[in-house]
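The values are calculated or read from the model by the stated rules, or taken from the named source; none is laboratory data. Note that the structure is predicted; figures quoted are calculated from it, not measured. Cβ coordinates were reconstructed from backbone atoms using ideal geometry, including for glycine residues, and neighbour counts include every protein chain displayed.
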Amino acid sequence: MVVVKIELHPGGDPEKARPLGLVVISNDGTGSDEQGNYDVALAHSGKYYGKKGVYKRGKVRGFRRALSPYHLIKMALEAALQ
């Protein structure tokens, strides 16, 4: 599972960090050694952060594992936000 936490640091101060969003990318177990398939869930963000439940869902299919995790995050966001 890959979890991406999005925080705002007002004035660049990590002591004042506020959560803005959460991306959860879960391997669905149906891939191969070369390619993975993932379920994506976005938590509510911005002023709705902390609201229970999932805001958006998506699926990433056929992700080439040789790519960086940043590619997976990009594909996950695109899948959930279409």
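Out of G21, G29, report the one residue that is at pLDDT 95 or above and over 13 Å from M75 (Cβ atoms). Even if it seems obvious, please write down each step before you answer.
On the way: G21 fails: at pLDDT 95 or above.
Matching residue, one of G21, G29: G29.
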Residue hits (region 19-40; surrounded by 12 or more Cβ atoms within 10 Å (Cβ to Cβ) and among the small types (G, A, S)) are G21, S26, G31, G36
Within region 60-82, of all residues that are charged (D, E, K, R) and over 11 Å from the mean Cα position of the chain (by Cα), the one surrounded by the fewest Cβ atoms within 10 Å (Cβ to Cβ) is R64
